[in-house]
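Below you'll find the structure, written out as structure tokens, and then a few comments.
The values are calculated or read from the model by the stated rules, or taken from the named source; none is laboratory data. Everything numeric here is computed off the predicted structure, so don't read it as measured data. In this analysis, Cβ positions are derived from the backbone assuming ideal geometry, glycine residues included, and neighbour counts consider all displayed protein chains. Areas reflect the complete protein model, heavy atoms only, side chains present, ligands, DNA and RNA absent. Shrake-Rupley method; radii C 1.70, N 1.55, O 1.52, S 1.80 Å.
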Amino acid sequence: ALSPTGCPVSARAAAFDPFQPDYQQNPAASLRWARDEEPVFYSPELGYWVVTRYEDVKAVFRDNLLFSPCIALEKITPASDEVLAILKRYGFAMNRTMVNEDEPDHMARRRLLMDAFLPERLMSYEPAIRQLARQYMDRFIDQGRADLVAEMFYEIPLTIALHFLGVPDEGAEQLRQFAVAHTLNTWGRPTPEEQLTIAHNVGRFWQTAQSILDGMLAQPDGEGWMYESIRQHRLHPEVVTLSYLRSMMMAILAAAHETTSNATANAFMTLLTQRDSWEALCAQPALIPNAVEECLRVAGSIIAWRRQATRATQVGGVTIPQGGKLLLVQASANFDPSHFEDPDRVDLYRENAVEHLTFGYGAHQCMGKNIGRMQMRVFLEEFVRRLPHLRLVQPQSFDFLSNTSFRGPSALWVEWDPTLNPERQVP
Ligand code: HEM
């Protein structure tokens, strides 16, 4: 097989399939061969050039003019006519949001919508996050056993996200089904039959998002980021367009909470699997902020992101034609030994842990990164204090949704002896 530039495709590049379980189970390990020997390769399965080394991934992120983010939310599995017809019936009109907008429109919009993400504004959320964490832990602390995803990590980031956005939280339960459909629709490889069911759910997700937005547009003086966006839309309709509001309303419902729920579950999965790290954290909670970064490095919740070359160029010495699509595998870049010493080790003291690429890099770097980090930090603080003797239920295998980009276990079972809870021993 040859790539579109006429280069031979190696056997391993031809075999690369991010929809097989290996990739989600351990994305960095599944691409070790590429980091070592073929850091930028063409994947015939995807029709994408896959970029696996730290410097290359960062360089592509950095240049958002040469490498446009316009394909970030494109369906990686092209829609059949039948799927398009279903979506059309729901009035589905997902278009540019923020993450897939080109310059100069992107920066003009980002600047107008930035204030709600300033650290001083975010600080006000910390007490609410901590209170929720305590309240959810109270429900299971005497049980001795819990699925942390179902009983805590899914719901709290959702509650916080809705609050941050200003969206009322009735109907939150349905959002879970919708978010799964959105992930599979955008980054998965469902079968033709599965695609039909998914299309209906995506259509319903779209309509739900639109009716939430319509309610907000009718009463635009509420509090929250979507209300601020509506007010900016009124002031600058050509920058914060109505099409943007409509697309963002759906995209952000998934982006603002799935990412954080998954990142939290990944962090606990990582630390409890490497039990010495967990114990070090319990002994020294001051390490928590850096542990959050190290967990985002070794087990981020966004493992790959997309860009498209706006003209012919080179990445890591490999020619990419104009229009060439790139899959930037952050989960691989985060294990690049030329940037992170002894990358397979979970090192809570790692000085450059924060340089991971899980939040992307450059002009589009995640706007919500400090909300995600804050939640992870507060959860860890509460657990090391109240449940330091927590253990993973063993044996336990983890399930992940098959897709290129979102990663987090569907369940995380832990157990402990309630009689050993520090609160019982030191009343
Ligand atoms: C963009 C990851 C949480 C809002 C992004 C991007 C990534 C990402 C990879 C694309 C960056 C790029 O293209 O360079 C994550 C992860 C999170 C998280 C791993 C949690 C651990 C959040 C939260 C919010 C949010 C909680 C909102 C409340 C956004 C927005 C953008 C974005 C608005 C678009 C920024 C732009 O294009 O200018 N995020 N995200 N994210 N994220 Fe997040």
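Of the residues making up the range 386-406, just one is charged (D, E, K, R) and either at pLDDT below 95 or within 30 Å of L46 (Cβ to Cβ) (or both), namely D399. Within the range 394-427, being part of a loop (DSSP other than H, G, I, E, B) and polar (S, T, N, Q) holds for Q394, Q396, S397, S402, N403, T404, S405, S410, N421. Inspect all residues belonging to the range 225-237 and state whether any of them is within 23 Å of the chain's Cα centre (by Cα) and either over 27 Å from R373 (Cβ atoms) or not polar (S, T, N, Q) (or both). Within the range 225-237, one or more residues are within 23 Å of the chain's Cα centre (by Cα) and either over 27 Å from R373 (Cβ atoms) or not polar (S, T, N, Q) (or both).
Based on what the data block shows, is P78 outside any helix (DSSP H, G or I) and free of Cβ contacts under 8 Å to residues at least 60 places away in the same chain? So P78 fits the description; yes. Counting the residues of the range 29-86 that are touching a strand residue (DSSP E or B) at 6+ places or on another chain (Cβ under 7 Å) and of a type in the set (A, V, I, L, M, F, W, C) gives 15. If you take the residues of the range 175-216 that are assigned to a loop (DSSP other than H, G, I, E, B) and open to solvent by less than 50 Å² (accessible area, probe 1.4 Å), which of them is farthest from I230 (Cα to Cα)? Among residues in the range 175-216 that are assigned to a loop (DSSP other than H, G, I, E, B) and open to solvent by less than 50 Å² (accessible area, probe 1.4 Å), the one farthest from I230 (Cα to Cα) is P190.
Of the set (1) at pLDDT below 95; (2) within 20 Å of N403 (Cβ to Cβ), all apply to A172 but (2).
Could you run through the range 47-66 and say how many residues are buried (at least 19 other Cβ atoms within 10 Å of the Cβ) and not in a helix (DSSP H, G or I)? Going through the range 47-66 one residue at a time, the tally reaches 7. Within the range 247-263, residues that are at negative phi sit with their Cβ atoms under 9 Å from residues that are within 6 Å of the ligand (Cβ to nearest atom) and of a type in the set (F, W, Y), at 6+ positions apart or across chains, in these pairs: A256/F164.
Looking at the range 85-174, the helices (runs of 4 or more DSSP H) lying wholly inside it that each contain 3 or more residues that are open to solvent by less than 40 Å² (accessible area, probe 1.4 Å), more than 16 Å from the ligand (Cβ to nearest atom) and over 20 Å from L253 (Cα atoms) sit at 126-140. Restricting attention to the range 329-345, the residues that are closer than 22 Å to L271 by Cα and open to solvent by less than 20 Å² (accessible area, probe 1.4 Å) add up to 8. Any chance the range 267-290 includes a residue that's buried (at least 23 other Cβ atoms within 10 Å of the Cβ), within 10 Å of the ligand (Cβ to nearest atom) and in a helix (DSSP H, G or I)? Within the range 267-290, one or more residues are buried (at least 23 other Cβ atoms within 10 Å of the Cβ), within 10 Å of the ligand (Cβ to nearest atom) and in a helix (DSSP H, G or I).
Selection of the range 67-104 for residues being within 21 Å of G324 (Cβ to Cβ) and in contact with a Lys or Arg (Cβ under 7 Å, 6 or more places away or on another chain) yields F67, S68, P69, I71, A72, T77, E101.
Just one residue in the set E294, E351, E355 is in contact with a His (Cβ under 9 Å, 6 or more places away or on another chain) and open to solvent by 50 Å² or more (accessible area, probe 1.4 Å); that residue is E355.
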